[in-house]
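The values are calculated or read from the model by the stated rules, or taken from the named source; none is laboratory data. Quick caveat, the model's predicted, so the values are computed rather than measured. FYI the Cβ positions are ideal-geometry reconstructions off the backbone, even for glycines, and counts take in every protein chain you see. SASA here: full protein model, heavy atoms, side chains in, ligands and nucleic acids out. Shrake-Rupley method; radii C 1.70, N 1.55, O 1.52, S 1.80 Å.
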Amino acid sequence: QPVIVITGPTGSGKSALALALAERRGGTVINADAMQTYDAFPILTAQPTALERARVPHALYGVLPLSETLSAARWRTLASAEIARALGEDRTPILCGGSGLYLRTLMQGIATIPDVSLEVREQANADWQSLGPDAFRARLADKDPAVVVRLKPGDRQRHVRAWEVAVATGRPLSDWQADAGQPAPWRFATVLLTPDRSWLRDRIESRFDAMLAQGVLAEVRAVFDRGPDPRWPGLKAHGAPELFRHFRGELERRKARQIAIDHTRQYAKRQMTWF
């Protein structure tokens, strides 16, 4: 019995297809989208509704607080457990999501990198702020030139991650990545949705407007009012940074809406390049 994978760019209809297929095949839908793993933005990240979850079992949706880091390796462990659980219940595991790196990690394996202490992680983030992106990148190039050539200059998260691994382990991240682990012990049947670009652009806009109608402003405002640490990984959900700027008085609502839509469209384009 295969593990079914439904993937594609954001807004392409993955969740609807997974739900229909799960009903037909007696399946369990397992989340493969990084942002849908967090608990605070169910509307903004388009998580399955309570009604949809009642129709078929769903797993790994809204299970982590915004403050926790979800690496590809950690998701692989969580997803593997849910796949085994579904198979043990004689249900078809259906992975659904557009996080391509996570899916590749599950299917092909990943190196097991030791944990990095909080002190090293905080110092690496502080160094990025104090040195600036260019100087930080130059320093990282001395330790791990192989990884630097693969990173975009302004990608704070990946530069900081590469630096903290090199400091904590004494070994470049590129070396760890070259030492991939074993692939998953299942057979995968993959469906990639590749909708027409103009249709997807319109779909992303209409979906964000639907989120606004469903109360996404109140959802994001509730998190904003808590004064969260801006470094929390879960705050990167598309639309959250723009709406935070709106709440701070930096953007009109209309402008925040348009920027969020534009950023989501750009992300969809990057996803298609990956796939």
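Residues in region 130-145 that are more than 23 Å from T69 (Cα to Cα) and either in contact (Cβ under 8 Å) with a residue 60 or more places away in the chain or open to solvent by 50 Å² or more (accessible area, probe 1.4 Å) (or both): L131, D134, A138, R139, D142, K143, P145.
Residues are listed down the side, and each one gets a yes or a no for (1) under 18 Å from Q271 (Cβ atoms); (2) buried (at least 18 other Cβ atoms within 10 Å of the Cβ); (3) in contact with a helix residue (DSSP H, G or I) (Cβ under 7 Å, 6 or more places away or on another chain):
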residue: P2; (1), (2), (3): no, no, no
residue: G13; (1), (2), (3): yes, no, no
residue: Y38; (1), (2), (3): no, yes, yes
residue: P42; (1), (2), (3): no, yes, no
residue: W75; (1), (2), (3): yes, yes, yes
residue: E82; (1), (2), (3): no, yes, no
residue: L87; (1), (2), (3): no, no, no
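Note on region 56-114: among residues that are among the β-branched types (V, I, T), in a loop (DSSP other than H, G, I, E, B) and more than 15 Å from the chain's Cα centre (by Cα), the one that is nearest to I30 (Cα to Cα) is V56. Of all residues in region 1-36 being charged (D, E, K, R) and modelled with pLDDT of 95 or more, which is nearest to T194 (Cα to Cα)? Among those residues, the one meeting the criterion is K14.
Considering only region 48-73, state which residues are open to solvent by 40 Å² or more (accessible area, probe 1.4 Å) and of a type in the set (V, I, T). Residues satisfying the conditions are T49, V63, T69.
Per the listing F275, F224, the residue uniquely under 16 Å from T10 (Cα atoms) and aromatic (F, W, Y) is F275. Selection of region 174-191 for residues being at pLDDT 90 or above and of a type in the set (A, V, I, L, M, F, W, C) yields W186, F188, A189, V191. Looking at the structure I just gave you, is F244 of a type outside the set (S, T, Y), surrounded by 13 or more Cβ atoms within 10 Å (Cβ to Cβ) and within 21 Å of N125 (Cβ to Cβ)? Criteria met by F244.
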